[in-house]
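Just below is one structure, and these are the notes that go with it.
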Amino acid sequence: MTRFARDLPFGATVLAPDRTRFRLWAPAQSRVVLDIEGREPIAMAGDGAGWFEAEAACGAGARYRFRLEDGLAVPDPAARAQDIDVHDPSLVVDPASYTWRNPHWRGRPWPQTVLYELHPGAMGGFAGIEARLPELADLGVTAVELMPIADFPGKRNWGYDGVLPFAPDRAYGTPDALKSLIDTAHGLGLMVFLDVVYNHFGPDGNYLSAYAPAFFRDDVPTPWGTAIDFRRPEVRRFFTENALYWLMEYRFDGLRLDAVHAIATPDWLDEMAATVRGTVEPGREVHLVLEHDANIADHLRGDFDAQWNDDAHHVLHVLLTGESDGYYSDYADRPAERLARCLAEGFVYQGEASAYRKGEHRGTPSADLPPTTFVLFLQNHDQIGNRPFGDRLAASVDPQALEAAVALQLLCPQIPLIFMGEEGASRTPFLYFTDHHGALADAVREGRRREFAGFTGFRAGEGTAAIPDPNAAATFEDSRPVAADEGRRTLYRRLLALRAERIVPGLAGARSLGASACGPAAVAAGWRLGDGAVLTLLTNLGTAPCSVPPPEGELLFESRAGLGAAAAQGSLGPRATVAFLRPRAEPA
């Protein structure tokens, strides 16, 4: 029997069935008491450097808190589970109690990755996701990505308000239910990724400032409140251990690090990634992915596998919808040229000035990086849910144009990400939802309405009051995907099968041969794959035919019958994508 447990340097560690060690960093306290329900309080021993420790005759299932000098009882910031919610007692968990069925799973190489991002609550919790895994494997997905699961206040949340980063939220299931989900995925050949938030804590349930104010810094603003102080070694280790905890104890195959541009001490990212690479077992594939709004490419030349390509999403969205509000204004001018740059070089903005950001220069050079360094998506939780009504592309974009964009995304050498329901042309919204109460609920609701006060897409007679209340249970329920379009599902299955069979074998070592605009909404792009074959993609998202450079090789895909033959003659119809593959030339 194989069991996995990470020996954390803090929190509650089961030493024996009836013996547990407790450790807490509380540098602002001179004394801390361990309160275990049903037992006498235990004074914890301090070491003079802010650490407090105690051992107690208890095991898995014990409920406990730490009591501070002023009498405030707080949960364990490194709790492996909570009894009920973030303000309640923490639970002692024995991580070695779960017996893994697939302990020898070694993961999959990064080029094989096809990500499927989902919200655990909207998919029925850990058990609900586990039940859907065979369907996703059959579709051609190779990796399921969970939005954040760290314990948050209430029963529903996007996950970015988490305050206890080691505790899977009880609304989704138990720690063992999460392990079963991952275990089952591995048995089906699927990887599982986790979205982790290391740039802030949520606004309700974070007690760290009461006993460890040194965890934070007030000289750096973030959109979400007080910044975390990654200059401190205790803070750096807390989050590095969190990354290792998910990868080693839960056997996640990868992490997506949210909004790392808001981490003011970025060298920690490289330190953490190097520690991960030095800790994970030899021969096991583990992947690290960044979201970085500033388009900083430097981390991608080290121990990180990839970064979300927001630029590619934004320019594709402009081409598909015609929208130019907000940050889309940076992509409305010459969008086909900008898309060509994304396909050839990764980022659109590689140091150029952004008009939307009032002339701020954004990004660093990325053309030297392989295409698999970029995660390409048409939709994700942010780009749907941060619209006032959470509307999806399927609800408004011409189906042929959307299918042409899907084909470009799934056959391109960049790593594709599908958002839950997208594969079945879901038209149900994905809205922003929380479960706050009182003044915080009011602040979130009104803040949401202020954010969209200048939105130009309201219908006649409609205003910000029509925006769904994030705290209403119906807002969450309305966000469950309904993906009933079997034709679209068949398209995804066909494209992902083509990708796996004909493109993935050559992705290692693939390099761009360049890309160019062929019209106001059309591009031609080519890549030499690692096996010497040449992949050519031609996409026209416009409403009129355009001239294209005639491709060479075998027709792999055409979004409508006859498009490939016409493309070979130098013409591509509207709202269309074709793909050609020329095998490596054999030496004479």
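The values are calculated or read from the model by the stated rules, or taken from the named source; none is laboratory data. For clarity, every value in this text was computed on a predicted model and none was experimentally measured. Note that we place each Cβ from the backbone using ideal geometry, even for glycine, and neighbour counts take in every protein chain shown. The accessibility values were calculated without ligands, DNA or RNA, using every heavy atom of the protein model including side chains. Shrake-Rupley method; radii C 1.70, N 1.55, O 1.52, S 1.80 Å.
Couple of notes before you dig in:
- Within region 215-238, tally of residues that are of a type in the set (A, V, I, L, M, F, W, C), within 22 Å of the chain's Cα centre (by Cα) and part of a strand (DSSP E or B): 2
- Top-ranked residue in region 84-135 [being of a type in the set (S, T, N, Q) and assigned to a helix (DSSP H, G or I); ranked as modelled with the highest pLDDT]: Gln112
- In region 136-175, the residue that is farthest from Phe201 (Cα to Cα) out of those that are part of a loop (DSSP other than H, G, I, E, B) and aliphatic (A, V, I, L, M) is Val141.
- Residue match in region 254-268 (condition: within 30 Å of Trp100 (Cβ to Cβ), under 19 Å from the mean Cα position of the chain (by Cα) and charged (D, E, K, R)): yes
- The condition (being free of Cβ contacts under 8 Å to residues at least 24 places away in the same chain and either under 30 Å from Asp398 (Cα atoms) or not small (Gly, Ala, Ser) (or both)) is satisfied by just one residue among Glu271, Glu249, Glu291, Glu281: Glu281.
- Test: Phe4 is in a loop (DSSP other than H, G, I, E, B) and surrounded by 14 or more Cβ atoms within 10 Å (Cβ to Cβ): yes
- Residue in region 241-253 that is open to solvent by 20 Å² or more (accessible area, probe 1.4 Å) and outside any loop (DSSP other than H, G, I, E, B) present: yes
- Residue match in region 296-304 (condition: more than 22 Å from the chain's Cα centre (by Cα) and either outside any helix (DSSP H, G or I) or crowded, with 18+ Cβ neighbours inside 10 Å (or both)): no
- Cβ pairs under 7 Å, 6+ apart, first in region 510-522 and under 19 Å from His317 (Cα atoms), second in a strand (DSSP E or B) and open to solvent by 40 Å² or more (accessible area, probe 1.4 Å): Cys518/Ser547
- Elements of type helices (runs of 4 or more DSSP H) contained in region 471-588, each with 3 or more residues being over 29 Å from the mean Cα position of the chain (by Cα): 563-568
- The condition (being at pLDDT below 95 and under 30 Å from Phe430 (Cα atoms)) is satisfied by just one residue among Ala473, Ala483, Ala576: Ala483.
- Test: Phe238 is open to solvent by less than 10 Å² (accessible area, probe 1.4 Å), under 21 Å from Val163 (Cβ atoms) and not aliphatic (A, V, I, L, M): no
- Residue in region 184-196 that is part of a loop (DSSP other than H, G, I, E, B), open to solvent by less than 30 Å² (accessible area, probe 1.4 Å), farther than 23 Å from Val86 by Cβ and not charged (D, E, K, R) present: yes
- Any hit, region 48-67, residues being within 19 Å of Asp204 (Cβ to Cβ), of a type in the set (D, E, K, R) and within 35 Å of the chain's Cα centre (by Cα): yes
- Candidates Pro120, Pro134, Pro153, Pro168 - the one that is crowded, with 21+ Cβ neighbours inside 10 Å and more than 17 Å from the chain's Cα centre (by Cα): Pro153
- Residue count for region 308-344, restricted to those that are more than 25 Å from the chain's Cα centre (by Cα) and of a type in the set (Asp, Glu): 2
- Residue match in region 39-58 (condition: free of Cβ contacts under 8 Å to residues at least 12 places away in the same chain and of a type in the set (A, V, I, L, M, F, W, C)): yes
- Residue that is surrounded by the fewest Cβ atoms within 10 Å (Cβ to Cβ), among those in region 50-69 that are on the phi < 0 side of the Ramachandran plot and outside any strand (DSSP E or B): Ala57
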